[in-house]
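The values are calculated or read from the model by the stated rules, or taken from the named source; none is laboratory data. Since the structure is predicted, the reported quantities are computational estimates derived from the model, not experimental observations. Ideal geometry is used to build each Cβ from the backbone, glycine not excepted, and the neighbour counts take in all protein chains shown.
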Amino acid sequence: VIVIAPGDSARSEANVMVLRRELSSYLVVDTSIQTSRKFQYISENVSNFKDISRFQSAVKDILVSNELQRSGVNPAIVKEVTKPVDLETVRLSKEGKEEKTEAGSGFILGYIFIIIMALFVLTSGQLLVRSVVEEKSNRIVEVLLSSTTADEIMTGKILGLSLLGLTQLAVWAMIALAFAGQLAMFITIPDNIWWEGVFFILGFLFYSSIFVMAGAPVTTEQEAQQATTYVSMLLFLPIVLATLVAQNPSAGYLKILTLIPLLTPTMMAFRIPIQMRDLWELLAGTFVLIGSTYFCMIAAGRIFKIGMLVYGKRPSFSELVRWATKKG
């Protein structure tokens, strides 16, 4: 425990210590706390419910103890000192800006982004796979291949249907703006929310390319559904890790998981609202998604091209890898 003398300069110094990771958080306790019943918890992460609850309980116990010692345990005083203590959570941005926010608002916002992303990816992904299977079964693709390449067909399909889905999402987002006022009562929207949009769009394109790649070698919708089941499950992995992410979003193992392409969009969507990531981590995640999406588009074209010539048996995983990495 580090005790700092009161004053604006001391508060600024404490903010710097938090940003340098010398402190994870600190409390601001005013001399009038005995009557105001308020104090502040300042940290980059204000979704650590365990620490917040612990500090509330500790401060309340101190107030009760002091008042009882001073008053001689009068019943009226006991009732007074057992009033709930209000805790204000203040988010400290990377720039040192303090912003009052509801405890857990970043946690809720991350949940919302993951659910929206999962719904749109699953809906659009199934549409993409169905489109690929339908064109193969109707032999439409043979006509297309006479005038263009498999890579161009797959890339066009991914970009075209993905942009269609994103356009639909944009319309829904504009409708949702009408309810932004009511939402602001429960959730504080951070200034860096645009990074959520970046990873949402990149993640949407990446997962779309994964679904197309999964649908490229199959000939029936049933096979395609089986192939995309595991990808769909990975969309919800951050929800399983929700408690761990909220308590310590900067944990080393979470940073490693975030740089795994299949987990990058959802992990970033969950971690950014809770505690803003360092610039290097944001850029690394961006390049990982761009590179992975490009690879999946090329791989989908190669698998699709060879899959058109192979009939009679379902390709194994090793064969798919060989097709995806085969040039020409």
Requested in this report: Scan LEU128, LEU145 and give me the residue that is in contact with a Phe, Trp or Tyr (Cβ under 6 Å, 6 or more places away or on another chain) and touching a residue at least 60 places away in the same chain (Cβ under 8 Å).
Outcome: LEU128
Query raised in the report: Looking at (1) of a type outside the set (A, V, I, L, M, F, W, C); (2) part of a helix (DSSP H, G or I); (3) under 13 Å from TYR207 (Cα atoms), can you tell me which one PRO261 breaks?
Result: (2)
Query raised in the report: For region 222-253, what are the residues that are within 15 Å of MET268 (Cβ to Cβ) and β-branched (Val, Ile, Thr)?
Result: ILE239, VAL245
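Just to be sure, is GLY96 in contact (Cβ under 8 Å) with a residue 12 or more places away in the chain and in a loop (DSSP other than H, G, I, E, B)?
yes
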Query - Pairs where the first residue, in region 37-64, is more than 19 Å from THR243 (Cβ to Cβ) and in contact (Cβ under 8 Å) with a residue 60 or more places away in the chain and the second is in a helix (DSSP H, G or I) and of a type in the set (Val, Ile, Thr), C-beta under 6 Å, 6+ apart - result: none
Query raised in the report: Within region 219-249, which residues are part of a helix (DSSP H, G or I) and exposed (fewer than 14 other Cβ atoms within 10 Å of the Cβ)?
Result: GLN222, GLN226, THR229, TYR230, MET233, VAL240, THR243, LEU244
Report task. Could you please let me know if ARG91 is in a strand (DSSP E or B), of a type in the set (Lys, Arg) and not assigned by TED's automatic domain parsing to the domain that holds ILE239? Result -> yes
Requested in this report: Being of a type outside the set (S, T, N, Q) and within 24 Å of the chain's Cα centre (by Cα) is the filter; apply it to region 42-64 and report the residue that is surrounded by the most Cβ atoms within 10 Å (Cβ to Cβ).
Outcome: VAL46
Requested in this report: Determine whether GLY197 is more than 29 Å from TRP323 (Cα to Cα), modelled with pLDDT of 80 or more and either under 11 Å from the mean Cα position of the chain (by Cα) or surrounded by 15 or more Cβ atoms within 10 Å (Cβ to Cβ) (or both).
Outcome: yes
Query raised in the report: If MET276 passes every condition in (1) assigned to a helix (DSSP H, G or I); (2) farther than 21 Å from ALA300 by Cβ but one, which one does it miss?
Result: (1)
Report summary line: Filter region 274-290 for residues that are in contact (Cβ under 8 Å) with a residue 12 or more places away in the chain and under 20 Å from TYR207 (Cβ atoms); the one that is surrounded by the fewest Cβ atoms within 10 Å (Cβ to Cβ) is ILE290
